[in-house]
Amino acid sequence: MDMQLQSIVGNQDVAGPGSIVSIDPATEEEIAAVPALDAEGAVRAVEAAAEAFPAWSHTSFAQRQRLLARWLALIVAHEKRLAELVSLEGGKPVLEARLVDVFPACETLSFMARKLHRMLGFRPVSPRQILFSHWKAGYRYDPLGVVAIITPWNYPVGIPMAEIVPAVAAGNTVVFKPASATVLTGLMLADLARRAGFPPGVINAVALPGSATNALLDHPGVAKVLFTGSVDIGRHVARRCAERLAPCQLELGGKDAAVVAADANLERTARGLVWGAFMNSGQTCASIERAYVEAPLFDSLVERIVELTRELVTGDPRHPGTDLGPLTTRGQRDIVAGQVERALAGGARALTGGRAPDGRGFFYPPTVLVDVTDEMDVMTEETFGPVLPIVKVASIDEGIARANASRFGLTASGWTRSKDTAALLQRELSAGVVTINEHVVSFAEATATWGGVRESGIGRSHGEVGLHELVNVKYVARDPGRRQAAPWHYPYDEDLGRFMEAAIPALYHRGWQRIRGLLALMATRRFRQRALSPSLIAHLYKLV
């Protein structure tokens, strides 16, 4: 399968006046240059999506599910090539690309292809208010329109698919802007969707520099914006959307904490923390970037973490034995190196790593830090690199308090063998996701929501909750309309006064006061002529 080198708008290849160059982060060599669209090209993509929306929004769930299944089949058929492209552009080992990018994408597609109709089908609701008991009511889940999806480079398959798939499954059309650093991977996903048979304009992918992205944020035809990236850019997205009162969903990263109890399984915890901190070279919004360990386990856990970290192989991501590849961009490596240098200058100790190697490629070794202090930016700012600071705490309560003392709150994990301690951690840790004896991997669970609190973002993606963020949850009700008037319709006469005076105790009092209210209510002309019906009598149990 050849590389897709142009934007896809209305299922047609479209070139633009600019250029986005994809770089191999392991060698710093150019992979390919993609002709980038400008703001005008972005507007054309929105127009194509808007044109496709009426027909697509009226397709059946079965039609959408068939296309999702075809898209899944094509991704499975090309998963090796897709993983190799993720590795080439992003720097993660090919095996890891399959594990953390392709696998979650397949699970998302499979879940939506099988369960969509159950999550978005009409849900009838019996009115609680007995005076409305004759209504036929419930919830519809109607698509919003054109959804703009702006994704980062760290998971160029997993994150886009977790957002594009539910958006189109819900009946929306999409303009997808992949990150410039992994633009080829994003275009390949869109090309596979085109090959799966999605109609023109349903999924549009635009190679667009960041400077032109405002064209998507400001366009009145964009119903909602989904953005995953940094806090600073997230604020910019929110401001632009707020100008036109357009909703946005923001996933802005984190400074995720692991809190380790003294009774935790040493080997499981050590291996879990090492993987949770260093997977994808730490370039994960939910990486473990702070570990708080109860004092009795601290020394032995640190010792085992250091042993495991020293066994990791950093190198060519296409080599079968590589555990960590390079960071994806030079700028990101500079951020990581700067945080570590300042921590070391402030008194922290690096038990492994701690210095960028010489030579080509954006490599940085997995680094374990101790003797860190709370004011160091390696403990307060997102690192987004292979760095694990470990802190000794006197108790679980101290660990929870220090874990929560952050402006971020995406995910968190607790490590313990105790059910009671696990329940405490799940209840008290302040984050969008809390897992016990595991970290990060809930992203691959299709029913699990994803999103954070505080500066980690706004809204939720994934699963049924995330799907409902992509629709207008519409309450609908139908009165059969057989009566000439409802009890509350004009005129506001003396009989209505008696009706209301009786209705409140009849509906909301208890004991004899309710009975007196019911008798007074039935004595009114309004009740007899406008409310009394077999349906109301059948629903008298609601007064109990």
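Can you check what the net charge comes to around Asn404, using other residues whose Cβ is under 15 Å from the Cβ of Asn404 (Lys, Arg +1; Asp, Glu -1)?
Taking every Cβ under 15 Å from that of Asn404, the sum is -1.
Which aspartates and glutamates have a Cα less than 20 Å from the Cα of Lys115, not counting those fewer than 8 places away in the same chain?
Partners within reach: Glu107, Asp142, Glu163, Glu445, Glu464, Glu469.
Give me the net charge for the shell around Val476: Cβ to Cβ below 11 angstrom, other residues only, Lys and Arg +1, Asp and Glu -1.
Working: positive: Arg123, Lys136, Arg140, Lys474, Arg478; negative: Asp142.
Summing Lys and Arg as +1 and Asp and Glu as -1 gives +4.
Taking other Cβ within 10 Å of each residue's Cβ, how do Trp512, Trp71 sort, fewest first?
Trp512, Trp71
Rank by packing, highest mean first: peptides 454-467, 490-503, with packing defined as the count of other Cβ atoms within 10 Å averaged across residues. It would help to have the intermediate numbers written out before the result.
Working: 454-467: 21.1, 490-503: 14.6.
Those peptides, ordered most packed to least, come out 454-467, 490-503.
Quick check: the angle from helix 512-522's long axis to the longest principal axis of the chain, C-alpha only, nearest 10 degrees?
60
What percentage of all Cα-Cα pairs in the stretch 48-181 are separated by more than 28 Å? Spell out each step's value before the answer.
Working: 2656 of 8911 pairs.
Tail of the P(r) past 28 Å holds 30 percent of the pairs.
Taking loop as defined by DSSP and a crowding limit of 13 other beta carbons within 10 Å, which GluC sites (Glu not before Pro) in the stretch 352-442 fit?
Numbers: sites: Glu375, Glu381, Glu382, Glu398, Glu428, Glu438; in loops: Glu375, Glu381, Glu382, Glu438.
Here the sparse-neighbourhood loop sites are Glu375.
Mind checking the alpha-carbon convex hull of the stretch 209-253 and giving the volume per residue in Å³? Intermediate results must be reported in sequence, preceding the final value.
Working: hull volume 2.8 nm³, N = 45.
Output value, Cα hull per residue: 62 Å³.
Arranged from highest to lowest average of other beta-carbon atoms within 10 Å per residue, in what order do the peptides 115-128, 339-352, 185-198 appear?
Numbers: 115-128: 13.9, 339-352: 17.1, 185-198: 22.9.
Ranking, from highest mean packing down: 185-198, 339-352, 115-128.
Quick one: Leu72, Leu369, fewest Cβ neighbours within 10 Å first, how do they rank?
Working: Leu72 22, Leu369 25.
By the 10 Å Cβ count, ascending, the order reads Leu72, Leu369.
If you average the alpha carbon positions of the stretch 243-282 and of the stretch 1-63, how far apart do those two centres end up, in angstrom?
That distance is 31 Å.
Return the inverse of the average 1/r over all pairs of distinct C-alpha atoms in the stretch 256-444, which is the Kirkwood hydrodynamic radius, in Å to one decimal.
Working: mean 1/r = 0.0611 Å⁻¹.
Final number for the Kirkwood radius of the stretch 256-444 is 16.4 Å.
Summing +1 for each Lys or Arg and -1 for each Asp or Glu, what net charge is found among the other residues whose Cβ lies under 13 Å from the Cβ of Gln249?
Numbers: positive: Lys224, Arg460; negative: Glu163, Glu251, Glu469.
Result for the neighbourhood of Gln249: -1.
Determine which lysines satisfy two conditions relative to Lys474: a Cα distance under 18 Å, and not lying fewer than 8 residues away in the same chain.
Straight-distance partners of Lys474: Lys136, Lys224.
Which of rounded, prolate or oblate describes the stretch 1-116 when judged by the alpha-carbon gyration tensor and an a/c cut-off of 1.5? Before the final figure, lay out the partial values.
Values: a/c = 2.83, a/b = 1.14, b/c = 2.49.
Verdict is oblate for the stretch 1-116.
Using a/c under 1.5 as the rounded threshold, could you call the chain rounded, prolate or oblate? The axes a ≥ b ≥ c are square roots of the C-alpha gyration tensor eigenvalues, and prolate needs a/b larger than b/c, oblate otherwise.
On the way: a/c = 2.62, a/b = 1.51, b/c = 1.74.
Taking the square roots of the gyration eigenvalues as a ≥ b ≥ c, the chain is oblate.
Any chance you could tell me what percent of the C-alpha pair distances in the stretch 494-543 go past 16 Å? Before the final figure, lay out each step's value.
Working: 446 of 1225 pairs.
Looking at the stretch 494-543, the distances longer than 16 Å represent 36 percent of pairs.
In straight Cα distance, which lysines are under 23 Å from Lys255, not counting same-chain residues fewer than 8 positions off?
Lys92, Lys392
Computed from the coordinates by the stated procedures, all read-outs in this text should not be read as laboratory data. The model shown is predicted, which means the values in this text are computed figures rather than measured ones. Note: ideal-geometry Cβ built from the backbone for every residue, glycine included; neighbour counts use all protein chains shown.
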